[in-house]
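Below: the structure, in structure tokens.
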Amino acid sequence: MAPALEVPAAWFASAPELPGHCVRHGLPATRREDFVVKSRPKLSPWRRTLLPGHSSLDRAGEYARSVKLTRVSGWPLCGRCGRVRTAGLVLANVLFFGGVAMLIASLVLRAQADGPVPMLLVPILGAFAARGPRRSSEGRECSHIV
Ligand SMILES: [Zn+2]
């Protein structure tokens, strides 16, 4: 597995000239995208929240104080990265708007039913199944801002 690429946030703020090749694959860029990159700050271990005097709220505050958002303009993407990005955006929109539609449909069905509707459990279980197991952020091949 390739090591993570660490890029200083100040470098992006200086509006650098970005390469003409995909950073991940080294292939020629077929398009450029603007987006916001979020840093992955190093936090205290989650086990600390188990100690008296510490809570998940403290950890959330620590995250909010240390996370950095940096706007990136014209980031080069190869064809493969562009397809993955497009598929991810389409999937995110389908899940979001499909979820809203399912929520509204379930409210309408429940309002029209006289008693419990066991079929309404299907979208809830489907959402849990679609979420899948939580993956650790350790060892993922991804660029991030420090
Ligand atoms: Zn690529």
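Structural remarks
- Exposure proxy ranking, count of Cβ atoms within 10 Å, fewest first, for S14, S73: S14, S73
- Build a GNM of the chain with springs between Cα atoms under 10 Å apart, and of L50, L95, L107 the one that fluctuates most is L50.
- Three-way shape label, the chain, alpha-carbon gyration tensor, a/c 1.5: oblate
- Net charge of Cβ neighbours under 13 Å - reference R32; Lys, Arg +1; Asp, Glu -1: -1
- Amide H contacts for C78 (H built 1.01 Å from N in the peptide plane; partners 5 or more residues away or on another chain; cut-off under 5 Å): C22, T30.
- Helical segments meeting 30 Å axial Cα length and Kyte-Doolittle 1.0 threshold in the chain (DSSP H): 79-112
- Net charge dipole size for the range 1-96 [Lys, Arg +1 and Asp, Glu -1 on Cβ; Debye, nearest 20]: 220 debye
- Mean Cα-pair separation over length for the chain, i.e. relative contact order, pairs under 8 Å, 6 or more apart, %: 43 percent
Read the figures in this text as sums done on the coordinates, not as results from a lab. Note that this is a predicted model, so its numbers are computed, not measured. All Cβ positions, glycine included, derive from the backbone under ideal geometry; neighbour counts span all protein chains shown.
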